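Nothing in this text is a laboratory measurement; each read-out follows from the coordinates by a stated rule. In this text the structure is predicted, and so the values were computed from the model without any measurement. Heads up, the Cβs are rebuilt from the backbone with ideal geometry, glycines too, and the neighbour counts pull from every protein chain shown.
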């Protein structure tokens, strides 16, 4: 059964942003039409039917107006930035979006959230095309990753730990054992 929004689950979209990109510095401030990339991203995310609030999480102040909360956190440890932001804005379910995706589609966000609730899985990822990618995960899983992830790659890219923990494909003996346990519970 699909989660009813009245069940007091708070869903927040966290859009990670920075101005220090090495390939195209300050790209989120670049204009597409009369709006910056970050403005397009926030505007499209706000159209989601499931998202209760939108927060732009950055390691520094972004000098442009957009209709979202702002959170300033760690530049190198993006996992810490996400965790601290989700904690401050009291998200039960987190929708992860990157600020360099001006074409993010609210219907894909909603589809990802609905899949997350329909499967009762702690993590879901929808990426039909690069630039439309959305990840949805529980605060509980985010907190676990924040506490346990030690690899610099895990800290910089937010979800690798979660992906490894929740993957259903079978590549190793440990994966096979997990799949057998999971399959036995979900016939």
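Quick rundown of the values:
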{"read-out": "Rounded if a/c under 1.5, otherwise prolate or oblate - the range 3-153, Cα gyration tensor axes", "value": "oblate"}
{"read-out": "Antiparallel bridge percentage (DSSP; both residues within the chain; nearest 5)", "value": "40 percent"}
{"read-out": "Between 0 and 90°, nearest 10: helix 37-46 axis offset from the chain longest Cα axis", "value": "50 degrees"}
{"read-out": "Label-point separation, residue 24 to residue 178 (7 Å along Cα→Cβ), nm", "value": "3.4 nm"}
{"read-out": "For the chain: relative contact order, % (alpha-carbon pairs under 8 angstrom, 6 or more apart)", "value": "22 percent"}
{"read-out": "Pairwise label distance in nanometres, residue 9 with residue 165, each label 7 Å out on the Cα-Cβ vector", "value": "1.7 nm"}
{"read-out": "Stretchable slack from residue 35 to residue 118, in nm (0.36 nm times residue separation minus alpha-carbon distance)", "value": "26.4 nm"}
{"read-out": "Using alpha-carbon coordinates, inclination of helix 139-148 to the longest axis of the chain, degrees", "value": "90 degrees"}
{"read-out": "Mean Cα-pair separation over length for the range 49-119, i.e. relative contact order, pairs under 8 Å, 6 or more apart, %", "value": "26 percent"}
